[in-house]
1. How would the chain be classified by its alpha-carbon gyration tensor: rounded, prolate or oblate, with rounded meaning a/c under 1.5 and the a/b versus b/c comparison settling the rest?
2. Can you tell me the relative contact order of segment 120-241? Whole percent, Cα pairs under 8 Å, sequence separation 6 or more.
3. From largest accessible area down, sort ARG86, ARG135, ARG238; use a 1.4 Å probe on the protein chains.
4. Taking square-rooted eigenvalues a ≥ b ≥ c of the alpha carbon gyration tensor, is segment 162-232 rounded, prolate or oblate, where a/c under 1.5 means rounded and, failing that, a/b exceeding b/c means prolate?
5. Enumerate the calculated ³J(HN,Hα) couplings along segment 35-50 in order (Karplus 6.51 cos²θ - 1.76 cosθ + 1.60, θ = phi - 60°), each rounded to whole Hz, writing x wherever the residue is Gly or Pro.
6. Restricting to bridges with both residues inside segment 93-245, how much of the DSSP beta-bridge set is antiparallel, in percent to the nearest 5?
7. Taking the chain as a Gaussian network, Cα atoms linked when under 10 Å apart, which of PRO48, PRO116, PRO13 shows the biggest mean-square fluctuation?
8. When a/c is below 1.5 the answer is rounded, else prolate if a/b is larger than b/c, else oblate, so apply that to segment 1-110 with a ≥ b ≥ c taken from the square roots of the Cα gyration tensor eigenvalues.
Amino acid sequence: MSSPIVYLVGAGPGDIDLMTVKSLRLVRKAQVIVYDRLANPDILKEAPADCEFIDVGKTDGHHPVKQDKINEILYEVSQKYTNIVRLKGGDPFVFGRGGEEALYLKDKGVKFEIVPGVTSSISVPAYAGIPVTQRGVVTSFRVITGHEAKGKTKSSIEWESFNTNETLVFLMGLHNLKMIASKLIGIGKSKDYPVAVISKGTTKDQKVVVATLETIYEKAKDLPTPALIVVGEVVNLRENLQWFN
Ligand code: SAH
């Protein structure tokens with residue numbers, strides 16, 4: 001028996017056609033797939049008929065199956081199978097805890113490979129007609145976690161550092177939308193600064209709400225998840241670049 005390999009695979013943002021060729025090839029020969037809540041569960045239909053599925057479904061920011069337990073599950077399946085797919089939304093190393101899982105596997109002496117995926121942080125804005133950079137508008141962008149443990153007195157996000165015109169993409173932030181908008185106004189951004197919230201991006205249920213830092217919360221708070229927040233002048237380009245739906 002060849003030695004087991006755990007493939008930490010990015011599943012892309014939702015549109016199944018945005019899976020990489022490599023990820024599809026691995027899913028099609030997987031003996032077991034350990035998966036999170038995926039933007040597109042149809043991916044699992046590509047697996048072999050006798051593939052075992054293990055749902056460790058994380059919901060936004062909350063982890064129904066604790067990370068330690070997920071790590072243990074990965075180790076357990078590596079003792080039973082050789083082709084193991086650990087499937088994650090978007091890219092496994094962008095807020096996907098892929099790095100933690102890889103470190104754990106290394107520690108246990110289990111081989112792993114990383115299969116990068118199309119991250120939602122760039123592709124979801126793209127499907128809403130929002131380029132994260134644009135010559136003459138903005139030269140950089142940042143991807144930030146919008147999920148901060150409640151009750152924390154000091155924020156680990158350096159809000160002051162956002163006082164530039166960089167495009168800001170917040171993941172896992174919908175439930176903190178009000179706080180995020182008011183923090184950005186607090187550091188000196190205009191109340192009229194453009195913001196978009198994109199829900200279920202790249203899927204047929206994609207919804208995009210464009211507003212300002214002042215109005216976004218009221219307009220977007222009830223959108224379904226997964227959703228991300230884009231802050232920056234590039235949001236205005238959607239008016240002309242909107243192409244999907
Ligand atoms: N590893 C993932 C991100 C994991 S964090 C990646 O690279 O895309 C999960 C967050 O990603 C969600 O809370 C949401 O903010 C964002 N997200 C993922 N898929 C999305 C989608 N289809 N539409 C909008 N936001 C999405």
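The values are calculated or read from the model by the stated rules, or taken from the named source; none is laboratory data. Note that the structure is a prediction, hence the values are computed from the model and not measured. Cβ placement follows ideal geometry from the backbone for every residue including glycine, while neighbour counts extend to all protein chains displayed. Surface areas here come from the heavy atoms of the whole protein model, side chains and all, with no ligands, DNA or RNA. Shrake-Rupley method; radii C 1.70, N 1.55, O 1.52, S 1.80 Å.
1. Details: a/c = 2.34, a/b = 1.77, b/c = 1.32.
Cα axes put the chain in the prolate bin.
2. Working: 229 pairs, mean separation 40.1, N = 122.
Relative contact order for segment 120-241 comes out at 33 percent.
3. Working: ARG86 0, ARG135 230, ARG238 40 Å².
Correct descending sequence by accessible area is ARG135, ARG238, ARG86.
4. Numbers: a/c = 2.00, a/b = 1.75, b/c = 1.14.
Prolate shape, in that a/c is at least 1.5 and a/b is the bigger ratio.
5. Calculated HN-Hα couplings, in order: 10, 8, 4, 9, 5, 9, x, 4, 4, 5, 5, 7, 6, x, 4, 9 Hz.
6. Values: 15 of 20 bridges.
Percent antiparallel among DSSP bridges in segment 93-245 is about 75.
7. PRO48
8. On the way: a/c = 1.56, a/b = 1.09, b/c = 1.42.
Oblate, because a/c is 1.5 or more while a/b does not exceed b/c.
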